[in-house]
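Chemist: To start, I am sharing the structure in question, which I have written as structure tokens.
No lab work stands behind these numbers, since they all come straight from the coordinates. This one's a predicted model, so the numbers in the text were calculated from it and none came from an experiment. Backbone-built Cβ (ideal geometry, glycine too); neighbour counts: all protein chains shown.
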Amino acid sequence: MGLAASQARLLTITTRKADCEYQSMRLSHQKIALSRDMTTLSNEYQNSLTKTKLVYDFYGTGDTSTPLSYSLMMTPSILNNNVPIMLTNAEGRVVLDAKYAAAARAAGIPQEGINGFPSEAIRNAFLDALGDQGIISKTLAESLKNITYDPTVGVGTSPSERIITEQGNLDALKDRLAEVSTSTLSIPNFDPGTMGEAQGDGKGSQISTVTRDENGNGTRGAETVQELDITINDLLGDTDYIWWGYGDNPDNYDQAETAAKQFAQYLEEVLVPWLNEQLLTVLDIGDADQAAALDYALTETMLYFGESIVDNNGNLQYTNSHVIGKDKDHEDNRDKVLNYFTNNDTDLGFVISRQHGGAWHGLWGQGDPCVGINLNNVVDVYLTFFADSLANLESDYNVLTGANSKANSNLVTSDDDYLYTFKVGSEYSSANLAASQFYDALFNQLCQRGWVESGVDKNGESLVHDNEYIQEMLANGMMYMTTLDDDGYYYQGNYSTNSYVKEIPDEDAIALAEAKYQTEKQKINSKEETIDMKMKNLDTEISSLTTEYDTVKSVISKNIEKSFKRYQA
């Protein structure tokens, strides 16, 4: 190869080698960049393993399917008990999304709030604006405007206190019960097979109605029945009442004990709970005292007619019972029983006829011994316990035990002037009333606290609709949850102290991060393998070019040496 050709070849090799070295360096930098990407990806994945989310467990069952969201907090529903849950900033102002903020502006609610009490006109303008913004329908907005505005809800009262109530005496209560309670209860005849063999007409238990005249004399119905359907007002009657009893063979006092136990069991398990349920439909339980009084009445009534009837050994006790007719004078005993079960209404509890020996046709055809109870006394006792509990057990009303207990007790049902507080109907649907309470409470808070509008994301959507954003703001103390307390006022607090809000691992986000990690890792590994292959090929080419470079350089050196020797000669 000539000198000129060798020099040209050497220049080509040098250029190619430099290019290969440059490509190798560029690939090396790419590999370093991939290493940084892999480090970032690993860090993101590690961080995602501790990622959490906020869920709202209204029923306290451990449910994790309902995320804490702005819509859940600011839309009336059973999950928020139709009471707004608000996000507030450090200054206590309510954070609103774009639609709510537009409604507040349209209603003329200043961002700094209103001093004093807002007017119903502003509230109605707010409802109209909610309809215009599509938060509620315009039809619903018109309906809610027809419901009287409540300026106190959320600022001293809670929505549950907006029950419309009236007061009235026992006659008014019975009228209200007749309007709303259509439930009947069947008083049964006990199966004689469970109580021993009874004979004649006296098998099992029987029911007899008693009518009392103006002089207090009672007249038993012409016939007894073995089953009777009654309403609660049947038990509140002051002239007609119901005796329920059992008669059996002579000397079969054990069966009377069994009857008394079964009566007591039926009262405890069926009649008194039914009575409680019926009265719950009309009596106002809008506060803790009323609810506690009903619970007290339920418990004490069942104790009075139930557990105290028999002792721990199953023997009949007479604490709330009156025993008559212990002698063997059949006819005299019969007169006592008939008189007691009709004309003499002095005992509240069970009345028991006990005669050893002798056969006579008693109250139910064959009724010695026998046991019975005035069922109207049950509701008298219940309402008396209720009234006494409302007065913190310091009223003049009381229920005594033993013989002549009714004569010595002071029953509230004997007081025509005692006033019961009961719920009355509403012209509004429960759904509309709940919505009215919700938006009245929100309106009152906006006026009292003021408001701010949430920022928006790159798509123009309000940030508060991003659950992760809400969580981040709550965790960083940039926002707080403001909720209604038992005293009827709203208080601002940390989400971690809210009993309905739980922070749990975000399994979906963790799974998504893991999938992303594996996918991106695979991509990075694939790129690295490609780069490694390219760098290996470049290294091979550079090594070959280096060898060829040395060879050509040696040829050039020899040609130059020959040239100098020729001219020296």
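Chemist: Ranking Lys558, Lys521 by Cβ neighbours within 10 Å, fewest first, what do you get?
Modeler: Ranked by crowding around the Cβ, least crowded first: Lys558, Lys521.
Chemist: May I pose another question? At a Förster distance of 30 Å, what's the computed FRET efficiency of Asn146 paired with Arg105, Cβ-Cβ distance as r, to 0.05?
Modeler: 0.75
Chemist: Stretched out fully, how many nm does the piece from Thr66 to Leu49 gain, at 0.36 nm a residue minus the Cα gap?
Modeler: Once the chain is fully extended between Thr66 and Leu49, it gains 4.0 nm.
Chemist: Still on this structure: How far apart, in nm, are two points set 7 Å out from the Cα along the Cα-to-Cβ line at His465 and at Asp171?
Modeler: My value for the distance between the label points is 6.1 nm.
Chemist: Next up: What is the order of Ser71, Ser158, fewest Cβ neighbours within 10 Å to most?
Modeler: Ser71, Ser158
Chemist: Arrange the peptides 488-497, 453-462 so that the one whose residues have, on average, the most other Cβ atoms within 10 Å appears first.
Modeler: Sorting 488-497, 453-462 by mean packing, highest first, produces 488-497, 453-462.
Chemist: My understanding is that a pair violates if its Cα-Cα distance is over 21 Å; which of Lys174/Lys423; Lys51/Lys99; Lys458/Lys521; Lys51/Lys502; Lys17/Lys523; Lys53/Lys523 do that in this structure?
Modeler: From Lys174/Lys423; Lys51/Lys99; Lys458/Lys521; Lys51/Lys502; Lys17/Lys523; Lys53/Lys523, over 21 Å: Lys51/Lys99; Lys458/Lys521; Lys17/Lys523; Lys53/Lys523.
Chemist: What shape does the stretch 45-110 take by its C-alpha gyration tensor, where a ≥ b ≥ c are the square roots of the eigenvalues and a/c under 1.5 counts as rounded, a/b above b/c as prolate, and the rest as oblate?
Modeler: oblate
Chemist: Then there's this: Rounded to whole Å, give me the distance from the Cα center of the stretch 23-62 to that of the stretch 373-406.
Modeler: 71
Chemist: Taking 0.36 nm per intervening residue step and subtracting the Cα-Cα distance, what contour gain separates Gln133 from Ala431 on full extension?
Modeler: 105.2 nm
Chemist: Follow-up question, since we're still on this one. What distance in nm separates the simple spin-label points at Asp415 and Thr184, each placed 7 Å from Cα in the Cβ direction?
Modeler: It is 3.4 nm.
Chemist: Quick check on packing: order 390-397, 377-384, 90-97 by the mean number of other C-beta atoms within 10 Å, highest mean leading.
Modeler: 377-384, 90-97, 390-397
Chemist: When the chain is fully extended, how far beyond the present Cα-Cα distance does Asn404 get from Ala391, taking 0.36 nm per residue of separation?
Modeler: Roughly 2.2 nm would be gained on extension.
Chemist: Using a Förster distance of 41 Å, how high is the FRET efficiency between Ala90 and Glu269, based on the Cβ-Cβ distance and rounded to 0.05?
Modeler: With R0 = 41 Å, the Cβ-Cβ based efficiency is 0.15.
Chemist: I want to check the label-to-label distance for Val452 and Ser42. Put each point 7 Å from Cα in the C-beta direction and report it in nm to one decimal.
Modeler: So the label points at Val452 and Ser42 sit 4.1 nm apart.
Chemist: What is the stretch 1-109 by shape, rounded, prolate or oblate, if you read a ≥ b ≥ c off the alpha carbon gyration tensor as root eigenvalues and call it rounded for a/c under 1.5, prolate for a/b larger than b/c, and oblate otherwise?
Modeler: The shape class here is prolate.
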